[in-house]
Amino acid sequence: MHLDLATTSMLAGMALNETPALNTLTPEEARLVFTEINRSMPPGPEQVSSEDCQIPVEGGAIRGRILRPSMTAKSVMVYYHGGGWVIGNIDDYDAVGRHLAETCQAIVIMVDYRKAPEHPFPVPVNDCYAALNWVDTQRSKLRIHDLPLVVAGDSAGGNLAAVMSIKARDESGPEIALQALIYPVTDGRMGAESFTHEDKQLFLTTEIMAFFWDHYADSKTRLDPLASPALTASLADLPPAVVLTAEFDILVDEGRTFAEHLKASGVPVSYRDFAQQMHGFFAMPAALPAAGKAMAWLAQEMDRHLNPTERKDVVVVGAGFSGMYQLHKLREQGLNVQVFEAGSDVGGTWYWNRYPGARVDIESMAYSFSFSDELQQEWEWSEKYSPQPELLKYAQHIADRFDLKSDIAFDTRVASAHFDEDTNEWLVTTECGRRVRAQHLVMATGVLSASKTPDISGRDNYRGETYRTGLWPKEGVDFTGKRVAVIGTGSSAVQAIPLIAEEADDVVVYQRTATFTTPALNHALNKDDASVIKANYAEYRAKQRLNVLGVVDERSLERTMDVSAQERDRRFKAGWESGILPGMLFQFADLQVEQEANDAISEYIRDRIRDTVKDEQTAQDLLPTDYPYGTKRPCIDTNYYETFNRENVSLVNLRRTPIETITQKGIRTAEGEREFDAIVYATGFDAMTGPLLRVDIRGRGGVKLTDAWNDGPRSYLGIAIHGFPNLFTITGPSSPSVLSNMLVSIEQHVDWVSDCIQWMKTEGKATIEPSDSAEQEWAEHTEQLANMTLYPKANSWYMGANVPGKPRMFLAYVGGVGTYRMICDQVAAAGYRGFQAA
Ligand code: NA7
């Protein structure tokens, strides 16, 4: 016999204390012993409020206790305590009631029914039924209004709860939404095989059970179905049931058989036998960890029965480009998909980032979907780099064109996603309480969607207008005539500052780290140029897919220091004048690998800053000097450096004069306070992991993703996570993701995930997840590659360095989009090598 360790030591303690067997005592003595045992246990959660009441019953009144949980209650549970109808009372069970209230989020009403032998059957039954009716008729007085009614109990209390369900059905009594039966007594004949097992005679022995029955009902009356519910003619039309038994309990067979009969009668039943547990374990929540687990299971099953859930094949979180394409693709495979989106419309990044100047920094002809030739032929971009409103229109066009909106729930943020091992499904719950079960969960939550709360002291003091680039107001902002502070100088600020400066009276830029940016040379897109690409789009897309960054330009294979200084300058100039993001980086093969090569290109860019910015100190402050070019996300801009030549723009170098605090009127540094009408936080995102970790995701064994990723994100291919079956992350950490043209990476991931889901369907697989070792190998591979580059030299969001306390590691795959695609394809072709499917 393998009894749970905590239970074993508890039994040993009872033996040491020479706790007498209850059947050797009088009922009064047995009650005292039982009270003593309970008194030795710690009390239940204090935050539960408690109020005693009198419940009228035939010939008098009995005590009741109303225990209210600290959070909003989801049900009202009338609880009948155990004790063989002879012993126990609501004081003995106070801790149990409190734990139940908190765990199950229920208002628990404990009923102190009268006990045998003074009050044999049917008095306890009648008391319990009177209490049930009383609760139901006093709903408004008890402030329980429309909450679903649950009857619950353990042992003899489980018997009473089962009997209440039958009585309420037969007498058209209160509507019971659920019966929770904890190792219930169901059959007065005591004939189940488990009664004969030596190793099940713990805490409750056959002799003690006989002692209880003898006091409760004589040999004839105990066969009444209201004493032995197992003998009820029909169990049909009873409320859904949650039945729990303990492995080493003489009642295990009675409970299991009753659950089976309920099920066979068409009653929805959740049944679980708790391994290594003895009778009574559930009522010892403070002493036995298993009791906590059993209560959590009960809460989960209550939830399942009380709150109807919808059933889908796949839940997709997010309706940006990834979520939209994922929906389209899976629908084409005949699957039933539900998408949840926090915003009021599609578009993701392009829905939220509406700040002035927001635009894509990969050419639009490249940063667009290839999956539909009609779409890519018919859609017309107006500029080389499309502005945010046009990108949003593109997203809306796709939603309409492929009729996606009917399966997207907008304004709906997903709160949690828990994997249910019993059904191999994800239970997804939204903040507004919608619940959907689905075999697969696709997190299409984006990589730069969790706007970082700026970690600057005094932020809440400020009385002026406050804006965050990543959460920009839909109606836009008019800065005319205003004094504006911009904090941050990443890509968003680089795009926004020149336009804010054109509007505002005065702009002060607070810079912590100077940025490298090169001219975007944006222009209206020439129709003929677009037509040339469109005529050869298939070839163009094929090139993108195999390119390092997912674009069409090729990286030179030459090393920087192998050419003359003149040739280097010529190439750097060509890069500077190319007007594209990789224009500089693709000039040589080793710019992101060799420090000397990088020094050369970094210095070239610094020279251009010196050339452009007239004020010497400002120019000096704008020079990025403490990280290699390209190791923080390089920017491309329109008039960024030139903007610092404007009269109304100034720069504060926070390395010299850090922000001391935000004040009511502005910002104070060591050089004094400056007042502003508006502060714009362009302070970035909790990148890559933030969007995933802000959802309460729990995998096998209830393991939280936040715990699994405590030391940094781990996944296989950036797509799937060990311990989190059937969960897919589009452009997740340790995939090329932010180091690539996102649209190319999104299409590749969505195609791969869709194929995988199709494969599972064809092969009849219920689950798929990567093995621990495959994940480990991928982590080592990605780390090795990153360490071969200069990336780890920068305190960048690529390294998680912009969020205090975030583990430092390189968050993307640097091996290139093409190589990565080949690896993913090979994994699939080899029958999903590294994955375990069952
Ligand atoms: P980024 O690139 O993370 O830029 C954020 C900027 O805000 C950066 O200059 C930060 O300086 C600065 N920052 C962050 N916190 C502070 C505090 N507390 N004080 C002062 N300055 C601060 O975000 P973006 O939105 O510009 O761009 C994100 C990506 O979107 C971009 O790379 C493109 O891929 C699209 P730091 O460098 O941390 O010293």
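Laboratory data are not the source of any read-out in this text; all were calculated from the coordinates shown. Bear in mind that the values here come from a model prediction, so they are computed numbers and not experimental data. Positions of Cβ are generated from backbone atoms using ideal geometry, with glycine treated the same way; all protein chains shown enter the neighbour counts.
Taking a sphere under 14 Å around the Cβ of residue 439 and counting the other residues whose Cβ falls inside, with K and R at +1 and D and E at -1, yields a net charge of -3.
Of the cross-linked pairs 482/806; 452/793; 665/793, which ones have a Cα-Cα span greater than 27 Å in the structure shown? Too far apart for the 27 Å limit: 482/806; 665/793. Here's the picture: charge each Lys and Arg Cβ at +1 and each Asp and Glu Cβ at -1 in the chain, and of 19, 209, 601 the one pushed furthest to the positive end of that dipole is 601. Near residue 236: Cβ cut-off under 13 Å, other residues only, Lys/Arg at +1 and Asp/Glu at -1. The net charge is 0. Here the Karplus relation 6.51 cos²θ - 1.76 cosθ + 1.60, evaluated at θ = phi - 60°, turns the backbone of region 629-634 into coupling constants of 4, x, 8, 10, 4, x Hz, with x for every Gly and Pro.
Computed from Cα atoms, the angle from the helix 252-264 axis to the main principal axis of the chain rounds to 70 degrees.
Run the dipole for the chain about the Cα centre, Lys and Arg Cβ at +1, Asp and Glu Cβ at -1, nothing else charged, and hand back the magnitude in debye, nearest 20. Walk me through the intermediate numbers first.
Details: 80 positive and 114 negative charges, 202 e Å.
My answer is approximately 960 debye.
Close amide H contacts of residue 320 (hydrogens built in the peptide plane, cut-off under 5 Å, sequence separation of 5 or more or a different chain): 347, 348.
Couplings for region 501-516, taken from phi via the Karplus curve 6.51 cos²θ - 1.76 cosθ + 1.60 with θ = phi - 60°, read 5, 5, 9, 6, 6, 8, 10, 10, 9, 9, 10, 8, 10, 5, 10, 8 Hz in order; Gly and Pro are left as x. Taking Cβ atoms as reference points and 13 Å as the exclusive limit, the residues near residue 413 contribute a net charge of -2, counting Lys and Arg as +1 and Asp and Glu as -1.
Cross-link list 384/632; 405/632; 573/614: which exceed 27 angstrom alpha carbon to alpha carbon? Check vs 27 Å cut-off fails for 405/632.
The alpha carbon centroids of region 111-147 and region 529-599 are separated by 79 Å.
Of the residues 113, 35, 103, the one whose Cα sits farthest toward the positive end of the charge dipole of region 9-160, with +1 on the Cβ of Lys and Arg and -1 on the Cβ of Asp and Glu, is 103. Note on residue 378/residue 475: beta-carbon distance plugged into 1/(1 + (r/R0)^6) with R0 of 25 Å gives a FRET efficiency of 0.25.
Rounded to the nearest 500 deg cm²/dmol, what is the calculated helix-only ellipticity per residue at 222 nm for the chain, with -39500 (n - 2.57) per DSSP H run of length n ≥ 4?
Details: 25 runs with 280 residues, N = 838.
After summing the helix terms and dividing by residue count, I get -10000 deg cm²/dmol.
Taking the longest Cα principal axis of the chain as reference, the axis of helix 817-829 is set at about 40 degrees.
Here the dipole of region 459-681 is about 620 debye; that uses its Cα centre as origin and unit charges on the Cβ of Lys and Arg (positive) and Asp and Glu (negative).
Which value, in debye to the nearest 20, describes the size of the charge dipole of region 461-565 about its Cα centre when Lys and Arg Cβ atoms bear +1, Asp and Glu Cβ atoms bear -1, and nothing else is charged? Let's see the in-between values first.
Details: 13 positive and 14 negative charges, 91 e Å.
So the magnitude is around 440 debye.
Report the extension gain between residue 197 and residue 40 in nm, rounded to one decimal, defined as 0.36 nm multiplied by the number of residues separating them, less their alpha carbon distance. The partial results should precede the final answer.
Values: separation 157, 0.36 × 157 = 56.52 nm, distance 2.94 nm.
Roughly 53.6 nm would be gained on extension.
Remark: region 675-687, residue by residue, has Karplus-estimated 3J(HN,Hα) of 9, 9, 7, 8, 10, 9, 8, 10, 9, x, 9, 7, 6 Hz, where x stands for each Gly or Pro and the curve is 6.51 cos²θ - 1.76 cosθ + 1.60 at θ = phi - 60°.
The spacing between region 67-98 and region 644-681, judged by their C-alpha centroids, is 59 Å. Entry note, region 459-681: relative contact order of 35 percent, from Cα contacts under 8 Å with a spacing of 6+ residues. Region 164-183 and region 379-409 have Cα centres lying 54 Å from one another.
Mean separation of Cα pairs under 8 Å and 6 or more residues apart, divided by the residue count, gives region 5-306 a relative contact order of 18 percent.
At 0.36 nm per residue, minus the direct Cα-Cα distance, what do residue 836 and residue 234 gain on full extension? Give it in nm, one decimal, please.
Values: separation 602, 0.36 × 602 = 216.72 nm, distance 4.43 nm.
Between residue 836 and residue 234, full extension yields an extra 212.3 nm.
How much length, in nm to one decimal, is gained on full extension between residue 561 and residue 264, taken as 0.36 nm per residue of separation minus their Cα-Cα distance? It would help to have the intermediate numbers written out before the result.
On the way: separation 297, 0.36 × 297 = 106.92 nm, distance 7.93 nm.
99.0 nm is the gain from fully extending residue 561 to residue 264.
Relative contact order of region 206-346, taken over Cα pairs closer than 8 Å and 6 or more residues apart, is 15 percent. Within the straight-line cut-off of under 12 Å between alpha carbons, the aspartates and glutamates reachable from residue 534 are 373, 374, 378, 380, sequence neighbours fewer than 8 places apart in one chain being disregarded.
For residue 595 and residue 47, a Förster radius of 45 Å and the Cβ-Cβ distance give a FRET efficiency of 0.20, rounded to the nearest 0.05. Between 703, 292, 229, the Cα set farthest toward the positive side of the dipole of the chain (charges on each charged residue's Cβ, about the Cα centre) is that of 703.
Taking 7 Å steps out from each Cα toward its Cβ at residue 822 and residue 257 produces label points 6.6 nm apart.
Near residue 269, the amide H atoms lying under 5 Å from its own belong to 241; only residues 5 or more places off or on other chains count, and H is placed 1.01 Å from N. For residue 656 and residue 466, a Förster radius of 30 Å and the Cβ-Cβ distance give a FRET efficiency of 0.75, rounded to the nearest 0.05.
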